[in-house]
1. What angle do you read, to the nearest 10 degrees and between 0 and 90, between the alpha-carbon axis of helix 47-56 and the longest principal axis of the chain?
2. Enumerate the calculated ³J(HN,Hα) couplings along region 222-228 in order (Karplus 6.51 cos²θ - 1.76 cosθ + 1.60, θ = phi - 60°), each rounded to whole Hz, writing x wherever the residue is Gly or Pro.
3. HN-Hα J couplings of region 92-108 from phi, Karplus 6.51/-1.76/1.60, θ = phi - 60°, integer Hz, Gly and Pro as x?
4. Rounded to the nearest 0.05, what FRET efficiency do L91 and N257 give with R0 = 35 Å and r taken as the Cβ-Cβ distance? Could you check?
5. At what distance in nm do the modelled label points of A32 and L61 sit from each other, each positioned 7 Å from its Cα along Cα→Cβ?
6. Dipole of the chain (Lys/Arg Cβ +1, Asp/Glu Cβ -1, origin at the Cα centre): which of S181, P196, V238 lies farthest to the positive side?
7. Which of the GluC sites (Glu not before Pro) across region 143-215 are loop residues per DSSP, with 10 or fewer other Cβ within 10 Å?
8. With each run of n ≥ 4 DSSP H residues scored as -39500 (n - 2.57), what mean residue ellipticity at 222 nm is computed for the chain after dividing by its residue count and rounding to the nearest 500 deg cm²/dmol?
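The values are calculated or read from the model by the stated rules, or taken from the named source; none is laboratory data. Just so you know, these numbers come straight off a predicted model, no measurement behind them. Ideal geometry is used to build each Cβ from the backbone, glycine not excepted, and the neighbour counts take in all protein chains shown. With ligands, DNA and RNA removed, areas are computed over all heavy atoms of the protein, side chains included. Shrake-Rupley method; radii C 1.70, N 1.55, O 1.52, S 1.80 Å.
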Amino acid sequence: MAAILLDTDGVLHVSGAPIPGAVDAVRRLREAGHRIRFITNSTTASRAQLLEQLRSMGLELDDGELQTTGDVAARELAGKRVLALTMPGILDDLEGLQLIGMNAEAVLVGGADEGEETGRVFSYLNLNRAFLELEAGADLYCLHKNRWWQTTDGPRLDAGAFVAGLEYAADTEAIVLGKPSAAYFGAALEAIDADPELAWMVGDDLEGDVVGAQRHGMRTVLVRTGKFRPDELERSGVVPDGIVSSLAQLPDWLERNL
């Protein structure tokens, strides 16, 4: 039986709209005895809200089966003074951190969405404040460096563009807390007591899911939903261990290839 890390946005749903057959596929994977952990770079909602969203789709999962970037940030930055440029929805997950407006030890950049809040979070005033804190010696962290994300209305600019701007201006490099960092994959595998070489990552993001997991020694399956773009796959030269039309085809694919 395999240990399987499942991305959520783009694999189980797009903007909350369930991908046909995805929930049933998870049920079949469980019935086959596979160990599953859900991992996500989503930063527009709290962990509790994400759990509620997944359950509203009919997915059955325990609270502890979902790993988010907010979980990692709360652990990694515990005890530090943090200037957080994140969407309001994730602030509940950062409740244990010392969130301040200046004299920070760390600057944390979260995700973006298409709502009005993005303009307020990434205003010139806030970005300049972050720049000044970095110039004064704060470390730069980000929940992820995704360049864009997929919605039902099409692709949307993500937080990676703002992270790159701060890196350039402050001549520094951000520490990535979510995918594709080795620490994020490592934490997910540790939670289900799995070795990388015996585990599979299933995702729609070529860079964050497939390349990140391959660097960590895992096998990978790319789904043709969410962020998947055939031309990007062809240009990249990246070779996943498998490609399926959607998560709905994964149980049968694994039966043939395990």
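1. 30 degrees
2. For region 222-228, the Karplus curve yields 9, 9, 8, 10, x, 7, 4 Hz.
3. Calculated HN-Hα couplings, in order: 4, 6, 9, 4, x, 8, 8, 8, 9, x, 7, 6, 8, 8, 9, 10, 10 Hz.
4. With R0 = 35 Å, the Cβ-Cβ based efficiency is 0.25.
5. For the pair A32/L61, the computed spacing is 1.8 nm.
6. V238
7. When the GluC sites (Glu not before Pro) of region 143-215 are filtered for loop state and at most 10 Cβ neighbours within 10 Å, E173 remain.
8. Details: 10 runs with 86 residues, N = 258.
Calculated from helices alone, the mean residue ellipticity at 222 nm is -9000 deg cm²/dmol.
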